[in-house]
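S.K.: Got a structure for you, questions after.
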Ligand code: PLP
């Protein structure tokens, strides 16, 4: 009995992504890596922008004295100011460095926010399908996750959200562009959500925050704009990272930005900085903070992702798979052609195709494909998809 009951229980229900990853390993050993089509992991296939490497080389050749020391728990003021400058432009609000806390990825950011705002038993709404880690993060800080389904286009259903909000509701997590659907929430929906949260915050006598988890904000196609959450929602907290937009997931660099419109905003930031320290993050990685300061307007090559989306979307819809065409991120979330998505996952496995069942995101009846993999693998998988579609009578 080395583990707590809770962690032992979590481990016995190991996540679908993990399970499929292990299954992939098994299949690769049997069939060879080139005959296994693994669409399970959201690990960017592209390399960071050239400018990132240039800055990295410059810094390595001309190290700044003290560059590996501790700094303020909020992060370097120059980096926070660089982030704030872009946010001020996008939102038209008076952002400055004091509204930004540098974090250990978006995962670290979500944890410090939840730690800072939740009382035991407070509820946090997530919109299904949702990134499964939200449940663990909320639980980490004594909160309770309340799942509200999205509509048939995977957009927030404001009536359902309104009905789910009660005196214990402290926050709603939104994620656009979305993992797993790739859907981007339009401005009208954010405005509607902002009005609803204002009204409910007033009714229940404390702010209900919108935590906008946006690591995919720059990965959008065909000129899609991701509206600034700060323009539409008063109590908005942006949580993001450079894991996807600069392809740096292993470097663990992100930030939290709080709306200047929030009442007692300085007190909120004080809490976030305290939690960054006391959760043991202490500060975001120093070297990465220096590098990303000058890269706030950069991103990986989005065209490459769009090409992969189109390749896979066209092939699968051509075979009869049904799905909402995603405007961003690097996932497809098609309807499972058999009612039981776990059974579908097994059928796909028999063709060496690895996908994650929608049940893993709180939405059975669908499956997720991560297409942030080499184009050649996507192309090589086509005959397997065709054979699977035939077997299922599509
Ligand atoms: N939020 C969503 C929706 C994600 O998909 C991910 C990672 O896949 C994260 C947060 C965590 O990202 P990070 O690497 O910044 O912690």
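Here, each number is a calculation from the coordinates, and none is a lab measurement. These figures come from a predicted structure and were not determined experimentally. As a convention, Cβ positions derive from the backbone with ideal geometry for all residues, glycine included, and neighbour counts pool all protein chains shown.
S.K.: If each of residue 2 and residue 325 carries a label point 7 Å out from its Cα toward its Cβ, how far apart are those two points in nm?
M.R.: 5.2
S.K.: Kirkwood hydrodynamic radius, the range 102-247, all distinct C-alpha pairs: what's the number in Å? Can you show the working numbers first?
M.R.: Working: mean 1/r = 0.0657 Å⁻¹.
Value: 15.2 Å, from the Cα pair sum.
S.K.: Which FRET efficiency value, to the nearest 0.05, is calculated for residue 86 and residue 301 with the Förster distance at 22 angstrom and r the Cβ-Cβ distance?
M.R.: Values: r = 20 Å, r/R0 = 0.90.
Taking R0 as 22 Å, the efficiency between residue 86 and residue 301 is 0.65.
S.K.: While we're here: With N set to the residue count of the range 1-97, report its C-alpha Rg divided by 2.2 N^0.38 Å to two decimal places.
M.R.: Ratio of Rg to 2.2 N^0.38 Å for the range 1-97: 1.77.
S.K.: Continuing with this model, one more query. Which FRET efficiency, nearest 0.05, do residue 277 and residue 188 yield, Cβ-Cβ r, R0 41 Å?
M.R.: 0.55
S.K.: I want to check the label-to-label distance for residue 382 and residue 136. Put each point 7 Å from Cα in the C-beta direction and report it in nm to one decimal.
M.R.: About 3.7 nm, to one decimal.
S.K.: To test your reading of the geometry: what angle, between 0 and 90 degrees and rounded to tens, separates the Cα axis of helix 77-91 from the longest principal axis of the chain?
M.R.: 70
S.K.: What number does the range 204-285 give for Rg over Rh if you use C-alpha atoms and the Kirkwood radius?
M.R.: Using Cα coordinates only, the ratio equals 1.01.
S.K.: Next question, about the same structure. Beyond 24 Å, how much of the Cα-Cα pair distribution for the range 61-153 remains, as a whole percent?
M.R.: The answer is 45 percent, as a whole percent.
S.K.: How many percent of the alpha carbon pairs in the range 240-330 exceed a separation of 19 Å?
M.R.: For the range 240-330, the share of Cα pairs beyond 19 Å comes to 60 percent.
S.K.: Cα atoms only: what Rg and Dmax, in Å, come out for the chain?
M.R.: Taking only Cα atoms of the chain, I get Rg and Dmax of 21.2, 66 Å.
S.K.: For residue 147 and residue 199, calculate 0.36 nm times their separation in residues minus their Cα-Cα distance, and state this gained length in nm to one decimal.
M.R.: Taking 0.36 nm per residue and subtracting the Cα distance, the gain is 16.7 nm.
S.K.: Average projected area of the Cα convex hull of the range 269-317, in nm²?
M.R.: Projected area, direction-averaged: 6.4 nm².
S.K.: Give me the three principal axis extents of the range 275-394 from the C-alpha atoms, as integers in angstrom, largest value leading.
M.R.: 54, 33, 24
S.K.: Before anything else, pin down the relative contact order of the chain: Cα pairs under 8 Å, at least 6 apart, normalised by residue count, whole percent.
M.R.: It comes to 23 percent, rounded to a whole number.
S.K.: Which angle between 0 and 90 degrees, to the nearest 10, do you get for helix 16-31 versus the longest principal axis of the chain when only C-alpha atoms count?
M.R.: Its long axis makes an angle of about 40 degrees.
S.K.: Calculate the length of the line joining the C-alpha centroid of the range 130-205 to that of the range 37-91, in whole Å.
M.R.: Distance between centres, Cα-based: 29 Å.
S.K.: For q = 0.21 Å⁻¹, what log10 I(q)/I(0) does the range 108-180 give under the Debye formula with an equal point scatterer on each alpha carbon and no solvent?
M.R.: Here the Debye-derived log intensity ratios amount to -0.88.
S.K.: What distance in nm separates the two pseudo spin-label positions at residue 287 and residue 72, each 7 Å out from Cα along the beta-carbon direction?
M.R.: 2.5
S.K.: Just need the relative contact order of the range 328-373 here, percent rounded to a whole number, with Cα pairs under 8 Å and 6+ apart.
M.R.: 47
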